[in-house]
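Colleague: Could you have a look at this structure, given as structure tokens, before my questions?
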Amino acid sequence: MDHFHLKDGVLHAEDVPLTAIADAVGTPVYVYSRATLQRHARVFREALSAIPRIHLAFAVKSNPNLAVLRVLQREGYGADVVSAGEMHRALAAGMAGEDIVFSGVGKTAREMIEALDAGLGQFNLESEEEGVELAAIAASRGQVATATLRVNPDVDARTHAKISTGKAENKFGVAYDAAPGIYARLSALEGLNLRGLAVHIGSQIGDLEPSRLAFAKMGKLMQELRGQGLTVTHMDLGGGLGVPYKAEDALPGPGEYGAMVAEATKDWDVTVMFEPGRIITGNSGVLVTQVIRVKPGAINPFVVVDAAMNDLARPAMYDAWHDFAAVVPTGQRMAANVVGPICESSDTFAMGRDIDTVKPGDLAVFRTAGAYGATMANTYNSRPLVPEVLVDGDKWAVVADRIEPATILAAERVPDWLG
Ligand code: LLP
């Protein structure tokens, strides 16, 4: 459920026609709906209401826009961050340091220090080496870093290989069998308050069974640690719940996920932590684009739009599907390939797809682009960095400017010695 619908034949974000935003800001532009973000934040929280103690850390990587973070901060969410950059965004949005979780396999010493300075709530350690380093840094500053140990449960999340993280061969977490020994050794370190375990098996997960299996393994491990006299008060179950990208996608919703987690964790007696990203932001955003021209193709015509793989990388990177729809549909349909202007064939959004008929100058959207959209944008082909707009009822604002190629060019220089 989202708040992008047709009113008087024009696609609106809440009460704002996308034509008005495109006229004022130009295209391509991401448009987010505050009502949709809020709704998903509340639905997700509600779905977990059977669990006595929870902590919600929004996965900033899915959509780090400051205004989006503020919406979630006002919904009582903390943040899951994977860099000092993301941490500073979460803090700038008003999230409390103690509500921020620091994930990621490559935290640098400098980032650890910045996080300790910010009073960060929890580090999710990805290796024993990282724990030893963090403990030493904290101890040398007279501090104690709160942490969990991320475990790789060796469970296949049955999602796209590039976003699967819980198999033994993936770089994430410590090996399941090695976890008790590592947990015991790290628990003994001065400078570290190891309080639990973390797991995250992948993203865009469309089947609850792998998560159920992974959580069962984590529960077993937790009991084993407690049996050894070690303390476990927090269990971080990560994010990963998938969203429908096509109308016919039948995925488990937050309700089914929440029931599964409540059952899996009912005897745990811990604070259960979550790092949802896409389930909150996915269908809260669309990418608005304009058709540049339509050119004949060998089988189907090519609809060339002004958005490209640098603005929305998911189709090129993961063969992802994003629905394409006209902002002012005529009711007619055509079979077409939808492509961007970038000079490589991976700049393709759809092949041989049945779409709303469009002609040059028409506006269209790629739907479900609120997660891993603008945040993965770049300036390849010296294109601008795509701007972002947030809508709230009949109000809207540009919440990230378009960064023009001239601005980027201005940060480059030719050294004198090149002549
Ligand atoms: N926690 C950790 C430790 C993660 O690595 C991730 C995502 C999340 C939480 C949030 O997962 P979500 O709830 O959004 O599935 N760029 C890819 C997705 C990469 C996900 C990376 N990690 C895409 O566009 O599909």
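Colleague: Quick one: if you stick a label point 7 Å off each Cα along the C-beta vector at VAL398 and HIS160, how many nm between them?
Modeller: Computed distance between label sites VAL398 and HIS160 equals 3.0 nm.
Colleague: Using a cut-off of 15 Å between alpha-carbon atoms, which aspartates and glutamates can reach LYS61, once sequence neighbours fewer than 8 places away in the same chain are excluded?
Modeller: List returned: ASP80, GLU86, GLU275.
Colleague: Can you give me the three principal axis dimensions of the range 19-89 from its C-alpha atoms, in Å, biggest first?
Modeller: 48, 29, 16
Colleague: To continue, here is another question. Dipole of the chain, Cα-centred, from +1 at each Lys and Arg C-beta and -1 at each Asp and Glu C-beta, to the nearest 20 debye?
Modeller: In total the dipole reaches around 240 debye.
Colleague: With a sphere of radius 10 Å drawn around the Cβ of ARG367, what net charge do the other residues whose Cβ falls strictly inside it have (Lys, Arg +1; Asp, Glu -1)?
Modeller: -1
Colleague: Go through the range 61-69 residue by residue and turn each phi into a ³J(HN,Hα) via Karplus (6.51, -1.76, 1.60, θ = phi - 60°); whole Hz please, and just put x for glycine and proline.
Modeller: 4, 6, 6, x, 4, 4, 5, 5, 4
Colleague: Per residue, how much accessible area does the range 34-278 have with a 1.4 Å probe, in Å²?
Modeller: It amounts to 40 Å² per residue over the range 34-278.
Colleague: Run a plain Debye calculation on the range 26-136 (Cα atoms as equal point scatterers, no solvent) and give log10 I(q)/I(0) at q = 0.12, 0.17, 0.18, 0.24 Å⁻¹, rounded to two decimals, same order as the q list.
Modeller: Scattering profile of the range 26-136, log10 relative to I(0): -0.46, -0.82, -0.90, -1.28.
Colleague: Gap in Å between the Cα centre of the range 108-124 and the Cα centre of the range 248-324?
Modeller: 30 Å
Colleague: If you average the alpha carbon positions of the range 203-235 and of the range 361-384, how far apart do those two centres end up, in angstrom?
Modeller: The distance from the Cα centre of the range 203-235 to that of the range 361-384 comes to 37 Å.
Colleague: For the chain, build the charge dipole from Cβ charges (+1 Lys, Arg; -1 Asp, Glu) around the Cα centre, then report which of GLY106, LEU66, VAL25 sits farthest towards its positive end.
Modeller: Selected residue: VAL25.
Colleague: Moving on to the next point. State the Kirkwood hydrodynamic radius of the chain in Å, one decimal place, computed from all pairs of distinct Cα atoms.
Modeller: 22.7 Å
Colleague: Sticking with this one: Over the chain, with a Gaussian network built from C-alpha contacts below 10 Å, which listed residue (ALA198, ALA109, ALA374) shows the highest mean-square fluctuation?
Modeller: ALA109
Colleague: Calculate, axis by axis, the spread of Cα positions in the range 34-278 along the three principal axes, and write the results as whole Å, longest axis first.
Modeller: Between the extreme Cα coordinates on each principal axis of the range 34-278 lie 53, 38, 34 Å.
Colleague: Right, next: For the chain, what does the helix formula give at 222 nm: sum of -39500 (n - 2.57) over DSSP H segments with n ≥ 4, over the residue count, nearest 500 deg cm²/dmol?
Modeller: It comes out at -8000 deg cm²/dmol, rounded to the nearest 500.
Colleague: At most 16 other Cβ atoms within 10 Å and a DSSP loop assignment: could you name the trypsin sites (Lys or Arg not before Pro) in the range 262-299 that fit?
Modeller: LYS266
Colleague: Where both partners of a DSSP beta bridge lie in the chain, what percent of those bridges are antiparallel, to the nearest 5?
Modeller: Percent antiparallel among DSSP bridges in the chain is about 50.
Colleague: Go through GLY258, THR36, GLY131 and say which Cα lies farthest out towards the positive end of the charge dipole of the range 34-278; charges sit on Cβ, +1 for Lys and Arg, -1 for Asp and Glu.
Modeller: Value: THR36.
Colleague: Taking every DSSP beta bridge that has both residues in the range 34-278, what percent is antiparallel when rounded to the nearest 5?
Modeller: Given both bridge residues lie in the range 34-278, the antiparallel proportion sits at roughly 5 percent.
Colleague: Here's a follow-up. Does the range 147-234 classify as rounded, prolate or oblate by the C-alpha gyration tensor (a ≥ b ≥ c root eigenvalues; a/c under 1.5 gives rounded; else a/b over b/c gives prolate, otherwise oblate)?
Modeller: prolate
Colleague: To continue, here is another question. Where the accessible area of the range 34-278 is counted over protein heavy atoms with a 1.4 Å probe, how much of it, in %, is carbon and sulfur?
Modeller: Here carbon and sulfur together make up 50 percent of the probe-accessible area.
Colleague: Please report the relative contact order for the range 34-278, taking Cα pairs under 8 Å with a sequence separation of at least 6, and give it as a percent rounded to a whole number.
Modeller: This gives 21 percent for the range 34-278.
Colleague: At 1.4 Å probe radius, can you tell me the per residue accessible area of the range 318-365 in Å²?
Modeller: That works out to 45 Å² per residue.
Colleague: Could you name the lysines whose alpha carbon sits less than 26 Å from that of LYS220, not counting residues in the same chain fewer than 8 places away?
Modeller: LYS167, LYS171, LYS266
Colleague: Okay, next question. For the range 306-319, in order, what is each residue's ³J(HN,Hα) by Karplus, 6.51 cos²θ - 1.76 cosθ + 1.60 with θ = phi - 60°, in whole Hz (x at glycine and Pro)?
Modeller: Whole-Hz 3J(HN,Hα) from phi for the range 306-319: 8, 8, 9, 4, 6, 8, 9, 8, 4, x, 5, 7, 10, 6.
Colleague: Do any GluC sites (Glu not before Pro) in the range 181-278 lie in a loop, going by DSSP, with at most 16 other beta-carbon atoms within 10 Å of their beta carbon, and if so which?
Modeller: GLU190, GLU248
The values are calculated or read from the model by the stated rules, or taken from the named source; none is laboratory data. Computed from a predicted structure; not experimentally measured. So basically every Cβ, Gly included, is an ideal-geometry build from the backbone, and we count neighbours across all protein chains shown. Quick note on the areas: whole protein, heavy atoms, side chains included, nothing else; ligands and nucleic acids left out. Shrake-Rupley method; radii C 1.70, N 1.55, O 1.52, S 1.80 Å.
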